[in-house]
Amino acid sequence: MRLSFHLFLVGTALTAVIAGPTVAEDDAPAPALTVTATGSALAADPAWRELFVQLGAARSRYSTFEESRYFPFRRTPVILPGEIRILPGRGLSLRYPEPKERIMIVDADGVLLRDAKGRERAAPRDGHAQAATTALTNVLQFDLPALQEAFTVEGTRDGAAWTLTFTPREAELAERLGTIQVDGEDNQLQRIEMRQSDRQRIEIVIGESQADVIFTSAEIQRFFR
């Protein structure tokens, strides 16, 4: 998978994931034992349904994250710190400060890359990549009816901790996305992994997060389209 496409997938993934709430207002009691559910059983479980509703809610947000990229040709991962800003109606903005500052904007018009000097380059539109992005968006918007059409879904709870694993049904989608795993505790998302193989994967660990952020006009101009 090309590096540019890695960035494309990561940006889309974070759009909905980071937009989810990090603190539950009314936490349901967590199961005491490990419980695994798949397909219709997961969809029928009230606790899973509530989690999907909470995580799928859109809110303005600022978060930090650390992204680790594992490649077959490297012994150690490429580790990139980053910031993400979510603004409903304007999309998301990813800022990678290292090694050279770059900003990636993902919105209804597509993907826009912007460097530290303000120079911009639109990412090319690709039908296959768009299909993969749509599927990934459904996963991380926690749209269960939509994603059950494209993925097999497995959810596991162990006390307050939970894991959702999404495996594409179609071979072409599986080749582009691999298996997607989302981990969290209560209604707080903590980690995302997109795995194509043991030697090629992306891992994103969510750091500090602020909800319902009011961005200044200068921030909107700098970080959004």
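The values are calculated or read from the model by the stated rules, or taken from the named source; none is laboratory data. If you're wondering where the values come from, they're calculated on a predicted model, not measured in any experiment. Backbone-built Cβ (ideal geometry, glycine too); neighbour counts: all protein chains shown.
Kindly evaluate Ile214 against the criterion of being at pLDDT 85 or above, within 30 Å of Arg75 (Cα to Cα) and either of a type outside the set (D, E, K, R) or surrounded by 13 or more Cβ atoms within 10 Å (Cβ to Cβ) (or both). For Ile214, the condition - at pLDDT 85 or above, within 30 Å of Arg75 (Cα to Cα) and either of a type outside the set (D, E, K, R) or surrounded by 13 or more Cβ atoms within 10 Å (Cβ to Cβ) (or both) - is not met. Whether any residue in segment 173-181 is under 22 Å from Gln54 (Cα atoms), touching a Lys or Arg at 6+ places or on another chain (Cβ under 9 Å), surrounded by 17 or more Cβ atoms within 10 Å (Cβ to Cβ) and not hydrophobic (A, V, I, L, M, F, W, C) is what I want to check. Among the residues of segment 173-181, at least one is under 22 Å from Gln54 (Cα atoms), touching a Lys or Arg at 6+ places or on another chain (Cβ under 9 Å), surrounded by 17 or more Cβ atoms within 10 Å (Cβ to Cβ) and not hydrophobic (A, V, I, L, M, F, W, C), which makes the answer yes. For segment 172-225, a residue qualifies if it is over 24 Å from Leu112 (Cβ atoms), assigned to a loop (DSSP other than H, G, I, E, B) and touching a Phe, Trp or Tyr at 6+ places or on another chain (Cβ under 7 Å), and exactly one does: Arg199.
Would you confirm whether any residue within segment 68-89 is within 30 Å of Gly159 (Cβ to Cβ), surrounded by fewer than 19 Cβ atoms within 10 Å (Cβ to Cβ) and either modelled with pLDDT under 85 or touching a helix residue (DSSP H, G or I) at 6+ places or on another chain (Cβ under 8 Å) (or both)? No, segment 68-89 has no match at all.
Per-residue answers, yes or no, for (1) over 23 Å from Gly207 (Cβ atoms); (2) part of a strand (DSSP E or B); (3) more than 16 Å from the chain's Cα centre (by Cα):
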site	(1), (2), (3)
Arg69	no, yes, no
Arg74	yes, no, yes
Glu83	no, yes, no
Gly89	yes, no, yes
Arg95	no, yes, no
Lys100	no, no, yes
Ile105	no, yes, no
Leu112	yes, yes, yes
Gly118	yes, no, yes
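Out of Leu55, Leu51, Leu80, Leu113, report the one residue that is among the hydrophobic types (A, V, I, L, M, F, W, C) and within 12 Å of Phe224 (Cα to Cα). Answer to the check: Leu113. Taking first residues from segment 29-58 that are at pLDDT 80 or above and partners that are polar (S, T, N, Q) and exposed (fewer than 15 other Cβ atoms within 10 Å of the Cβ), the Cβ contacts under 8 Å between residues at least 6 apart in sequence or on separate chains come to Thr38/Thr152.
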